[in-house]
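Single-structure report; data block below.
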Amino acid sequence: MTELHADPLHPLVFNADTGVAELAGVRYLASQPVQAKDGRTVLYLTEASRPMHLFKFVGPAACSGALPHGTLYVASLGADGKCEGHGRWLPLVLARHGLSVRDGYDSLQAILADPADAACRAGASSIEGLFAPHARNDGGALLRCDHATPALVWREALGDAASLSFAWHSAAAAESVATNLHLQRIGSAAARLRG
């Protein structure tokens, strides 16, 4: 098990064998860590219990398997269209995007304890059929798929995993297979979580 620490109070623990991560006591389905152009480590996440949002955790370059801190972002797909568009990553931090004391958030711990609520308040997109994300080190297409709905393929701006914007489109299962991201692993991750 590889441990990536968000901070001393909220360790991000990632298990590469199961594709499951935990941050502040909340379980996520996770991609393999990828490296941003500036060397920072990026992990794409969805909620393990009821996947509705696409998150990414960006931290400093891994040092002996640990990240001393990082930022949790959530995807907002924008309203460009139903099958494609441009999105942005919203940081889930105190005093930004509807996450203030006035809105019921008095600490980062409150945000991390209920990421689905924080994501909704921040204006994130709820994504139907969302499941385990996969990432490629080349900064290319990334996807998520649950086999019942088209995969969501996105490309980070400038091919940089730490970018704050991205282009996305829906893709048929055949195109998903063509990205060399194996859909079989997605189903097996769900079985491990339920089992």
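Is it fair to say SER126 is under 16 Å from the mean Cα position of the chain (by Cα), of a type in the set (Ser, Thr, Tyr) and at pLDDT 90 or above? Against the criterion (under 16 Å from the mean Cα position of the chain (by Cα), of a type in the set (Ser, Thr, Tyr) and at pLDDT 90 or above), SER126 does not qualify. Being at pLDDT 75 or above, of a type outside the set (Phe, Trp, Tyr), surrounded by fewer than 22 Cβ atoms within 10 Å (Cβ to Cβ) and within 18 Å of GLN32 (Cα to Cα) is a property that ARG121 lacks. Determine whether the range 129-150 contains at least one residue that is modelled with pLDDT of 90 or more, of a type in the set (A, V, I, L, M) and assigned to a loop (DSSP other than H, G, I, E, B). No, the range 129-150 has no match at all. Return only the number of the condition from (1) within 22 Å of VAL93 (Cβ to Cβ); (2) at pLDDT below 90; (3) touching a helix residue (DSSP H, G or I) at 6+ places or on another chain (Cβ under 9 Å); (4) of a type outside the set (Lys, Arg) that THR18 does not satisfy. Going through (1) within 22 Å of VAL93 (Cβ to Cβ); (2) at pLDDT below 90; (3) touching a helix residue (DSSP H, G or I) at 6+ places or on another chain (Cβ under 9 Å); (4) of a type outside the set (Lys, Arg) one by one, THR18 breaks only (1). Mind checking whether some residue in the range 29-49 is modelled with pLDDT under 90 and aromatic (Phe, Trp, Tyr)? Within the range 29-49, none of the residues are modelled with pLDDT under 90 and aromatic (Phe, Trp, Tyr).
Considering each residue of the range 173-189 in turn, none proves to be modelled with pLDDT of 75 or more and under 23 Å from VAL20 (Cβ atoms).
The values are calculated or read from the model by the stated rules, or taken from the named source; none is laboratory data. This one's a predicted model, so the numbers in the text were calculated from it and none came from an experiment. Backbone-built Cβ (ideal geometry, glycine too); neighbour counts: all protein chains shown.
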